[in-house]
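The values are calculated or read from the model by the stated rules, or taken from the named source; none is laboratory data. Note that the structure is predicted; figures quoted are calculated from it, not measured. Cβ placement follows ideal geometry from the backbone for every residue including glycine, while neighbour counts extend to all protein chains displayed.
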Amino acid sequence: MQAANKRLEICVVEDEADFREEIVEALREAGFGVRDFPGSRELYAALLAAPCDILILDVGLPGEDGFSVAERLRGLGSMGIIMLTARGQTEDRVRALLGGADMYLVKPVDLRELVASIGSLARRLHLNGLAGVAEGAVDGRAQDNSRSWSLSPDGWTLFDPEGSSIPLTAQERGFLRCLWARAGEAVSREDLAVALGGDPYEYDFHRLDTLVSRLRRKATGAGMALPLRAVRGTGYLFIPRSERGVERD
């Protein structure tokens, strides 16, 4: 358990020196302790001397890439890992999340979003007294979302209130983002079709039902009770603050 007055310690591994300096400056201004490195060799040596709470990790590193680093470190400790990379393909996201990363952010990223992501991850890792530092740096308010479902800042990962997660496909991401924008409200099938890039007058709504079925099965397979309900005659309803699955029609 972290002491309440201990600041969050972050390691940044990024081979582009200018961008690394921008990240370091932003994180230090947010009140974090920060160490930065151009590659995995320097990181490993530093972690032997002192661990960190959260690692910001690029994928395209010289020598050992970020995927391999995440897999190696996930087996050795309990630090949080945020992948920060220009590689936005779904296959890369899935590989990173299954290989040990907790979050996957695609460059270019607003540094305020990165600070917010650190706060969200600190909450999920129960780094008591530390997550509020990040939240305060973003908007001056500490929020308690520990009992809520959440989407990662880039929308590619869904988290339940206990911190379990599943990666999302592009269609699942668009579907959930539309529901999130109107959380607790029934969203029409037509509006969801538009969010998925379809024409509501020509869209085959069986595709929407199939998407929902796949998403439910994926969540169930990960031990997550998805609070998603079909509303007859309208569309679908998602309740992010629900702790249990709701009745499905």
Is there a residue in region 2-16 that is under 17 Å from the mean Cα position of the chain (by Cα) and either closer than 21 Å to residue 164 by Cβ or surrounded by fewer than 18 Cβ atoms within 10 Å (Cβ to Cβ) (or both)?
no
Residue 133 fails exactly one of (1) of a type in the set (Val, Ile, Thr); (2) at pLDDT 75 or above; (3) assigned by TED's automatic domain parsing to the domain that holds residue 121, namely (2)
Of all residues in region 17-36 being assigned to a loop (DSSP other than H, G, I, E, B) and crowded, with 18+ Cβ neighbours inside 10 Å, which is modelled with the lowest pLDDT?
30
Picking from 123, 112, 177, the residue that is part of a helix (DSSP H, G or I), modelled with pLDDT of 85 or more and charged (D, E, K, R) would be 177
All but one of (1) assigned to a loop (DSSP other than H, G, I, E, B); (2) touching a Cys at 6+ places or on another chain (Cβ under 8 Å) hold for residue 154; state the number of the condition that does not hold.
(2)
Residues being in contact with a strand residue (DSSP E or B) (Cβ under 8 Å, 6 or more places away or on another chain), surrounded by fewer than 18 Cβ atoms within 10 Å (Cβ to Cβ) and within 19 Å of residue 152 (Cβ to Cβ): count how many of those fall in region 172-215.
3
Per the filter on region 82-101, residues of a type in the set (S, T, N, Q) and farther than 22 Å from residue 115 by Cα are 89, 90
In this structure, is residue 230 part of a strand (DSSP E or B) and modelled with pLDDT of 85 or more?
yes
Restricting attention to region 69-103, and to residues there that are within 13 Å of residue 154 (Cβ to Cβ) and among the β-branched types (Val, Ile, Thr), which single residue is surrounded by the fewest Cβ atoms within 10 Å (Cβ to Cβ)?
90
Can you give me the number of residues within region 37-53 that are without any contact (Cβ under 8 Å) to a residue 12 or more places away in the chain and exposed (fewer than 14 other Cβ atoms within 10 Å of the Cβ)?
3
